[in-house]
Amino acid sequence: MGEIRLSSTGSDSRSSDNVDEPSASSQAAAGGAQGPDAEPKTHFESIVSELFQGKVVSCVRCLECRQISRTSEAVYDISVPIPSANETATSVGDGSPLSSVGSSPSLQRQGSGGLRSSSWSGVLNSVGGKVKSWFYDKGVHLTDCLRRYCAPEYLGGKDQYFCERCKRKNDCEKRMVFKELPEVLCIHLKRFRFDNAYGWFNGSKNSRVVTFPVTTTLDMAPFMEEVPAQPIEYRLIGLIQHIGSMGGGHYISYCQHKRKPQDWYEFDDVQVTCVTSEQVERAEPYVLFYQRVPSKAAKRDRQTFKHDMRSIQEQVNSYLISQSQSSSRPGRSSEDLQSLQVATVPQAVTDEIRNQGPALRNVYRFPPPELDMAFVSKHWYVRLTTMSHPGPIDNYQYLCPHGMLGYSSAEMAAEPFFPISRKLSQSLLGKYGGGPEISNLDVCSRCQRHLDAYNQRKQAEFDLVSKYDTKDTGDGQGWYLVNVLWVNEWKRYVRGERVHSIQDMCAPGPISQAHLFDKEDPQKLRKNLRLKLDYIGVNARVWSLFMHVHGGGPAIVRDELDMYSKELPVEDLVPEELCPPGNDFAVRTSKQFVDECHGDLELYRRKYGGGDDTTTATTASQVDANCETGKNEVGEESPSHSLHEDTRPDGSARFATGAEDEDLLPLEHSVDAPGENALIVQAS
C-alpha cells in the first residue's frame, strides 16, 4: 500500500538533497513537441495549481525546412541557469541590467542564529569563491538568468530533433517562452551541478552573485510568447537561501509581511528575526517567490464589489424589516409598532443575516424584483480580492446536470454564494467571462431526491455490511475475492460524511476486477497477486450485497483466501433484508433505483415494472440487459485512497473496527460496536 506524504523543509547534511533536478513539468516542456499518439494530460484543480501553475511553450525550429513545432506544458516552477561571465558577455544583448549592477553583495548572513553545517570545509570554499567574485566578477541580474533560460539552443549531433515534415532527424533550434504566467512565480536558480561519471564528490556549487529586485518590480513581459503592450510586474514576497556547499549546508528563508511590505522576516529553523530589505538584497538566492502585481482596474473592481455587496445587504435588511413590520399583528398604532420593534427588529434581522435563517434563505430562493440581485461564488470572490487576475466567474461548477443548483437544501445552496446587484454581475461577466448568471438560489428537486436516496443507501449499506461480515466464509463455502483498488474507493464512499451536493458524490461504481486479470489475455489471472495488496476476501452475503448495490463483477470464488486455490461456483446467498426481491428496502438500496433512476420511484417503476404500492426487483441478468453502462448521469468517479485491512488470527482479511485503531475517519452515523463481525473501515 502506498502513502501520500508531505515533507517539510529543514537543515540538510546530505549532498543528494542539494542536487538540482528539473521538475517533471519542466522536463516535459523542454522535451520538444509530442507526437500524435501522446496521451492527453490529466488536469487537476487545486489551490496549488491556482497559485503556482503557469504554461511554457517549447518552440523547436527545423534548420532544414524551417517548420516550427510548439509544445505547451503546465509548470509550477522554473529552473533557470546562472550564466557564466563568458555567456553573459556573448548572450546578453542590449538592455541588460548588468551595467546597473553596483557593488557585489556580501555573503554575510543577517539576523541572529549561527550557521549549522556538517561540512565546514564546504562553507569555507563557498566563502572563498564568494570573496573571489568580489574582485573578478560583478555577477548577473535575475533577468539575465531568465534571458538565458529563454535563449535559443542549438540541437545537433546526438541531440538532433525528429522533424515531422522532413521525416528524419535534423539540426534544430529550440527556445522556451512563457504562454501564461502564474499568480506566484517560483524561480529556482541552478546553483548545484555534479558529474555522474565521478559521483557526488565531483559536484560543485555555483556561488556567483545574482542580484534580484526587492523593492522594485520584476517585468516578465519580454519573456512572453506574445509580448504585451503593458508590463507584467511581479514583486518579491519571499526567498530561500542555501548556505554551504555541495557536501552539506543549511537553509534559511526570508518572507515579506503581507500588510506591511516594508517589513521582512528571516526564518532560521525556530528562530525568527525582523530584517530590512537591504539585508534581503544581500542574500544569496536559491529559490525566489514573486507575486503578480494587480492592475489598477483589478483594484477598482475589488472596491466596487465590496461596496456593492454591502449595498445589497443593506437592501436585504430593509426588505426583511419591512416584511416583519407588515406581518405584525393588526390594530396597533404605528407609534406603538415603531416603539415595540425599533430595538428588536434590527437585532432579529442581524441575527437572520448572520445565521442565514429561513427568511433570508427564502429571499435568496425567490428574490423580489425590487432587489434586482444576482449571486457570485465565494470562491471567485476570494480570487478577486487576493489575486491579480481572478479569471472567469466559475458558477458552472455548482450546477447540476439539469442546469439548476444540485444541493440537498436551500440552506446548503446558499452557503457557496454572495449576493450582488445584477448590474455588477453583468459587468463582471462581460469583463472576466465565465458564468452563468445565477439570479436565485432555488434547488433542483430531482437532485434532492437523488441525494436523499444516495445518503439513505450509504447508511443502509454500512449497517448491512457491518452485520454480515464475518471472520470466515460465514454460512457459505467459498471466499469471494475483490479487487483492492475498488475496495479502497468503496471505503472512501461508505466512510464519508453525509453528502449535500451532487458534485460531492463519490460512489465507487460497479465492481471492477480488471486489475486482477492479464491485459493481453483478459480471461487469465495475473501472476503473483497478493492478499491485501491486490485483493481481499468477503463472504457470499457481503458479495451479494455489493452486487445488489453496485453491480459489476465477475465473481471470483475460491475455497481458500488465495487467488490461485481451487475455484468454487457462485452461491445463492443474499442478506435477508433483500428478500423477497421486490420489497421496498431492496428497491431503494438497489443500483437501479439510486444510480440509474436517481431516486425517482416513478421512473424506476416505468423502467423496471411494479404496481402502485409494490415494486418488483430485477434479476442480475435483467439489470445487465437494461443497463448499458455503470455510470450515472453526473459521471461520478472516485480517486483511489490508500487504506489497509486488519488481519484476523486465522490469516483472513477484514476491516478493522473502531475500537482497534484510533486513526479512523469520522463517521456521520454511529453504530453499536458489533465486535468481530463488523466490516468497519479504517484509514491507513
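Descriptive notes on the structure:
- Distance violations [Cα-Cα > 28 Å] among Lys138/Lys260; Lys169/Lys205; Lys491/Lys591: Lys138/Lys260; Lys169/Lys205
- Between Glu281 and Gln303, the simple label model (points 7 Å from Cα in the Cβ direction) yields a spacing of 3.1 nm.
- For region 439-515: rounded, prolate or oblate by the Cα gyration tensor [a/c cutoff 1.5]: prolate
- Annotation: amide H of Ser421 within the under-5 Å range of Ala374, sequence separation 5 or more or interchain, hydrogens built in the peptide plane.
- Partners for Lys431 among lysines (Cα-Cα distance below 16 Å; same-chain residues under 8 apart left out): Lys296, Lys299, Lys423
None of the figures in this text is laboratory data; all of them are computed from the coordinates on show. As the structure is a prediction and not an experimental result, all values here were calculated from the model. Glycine gets a Cβ as well: all are built from the backbone with ideal geometry, and neighbour counts include every protein chain shown.
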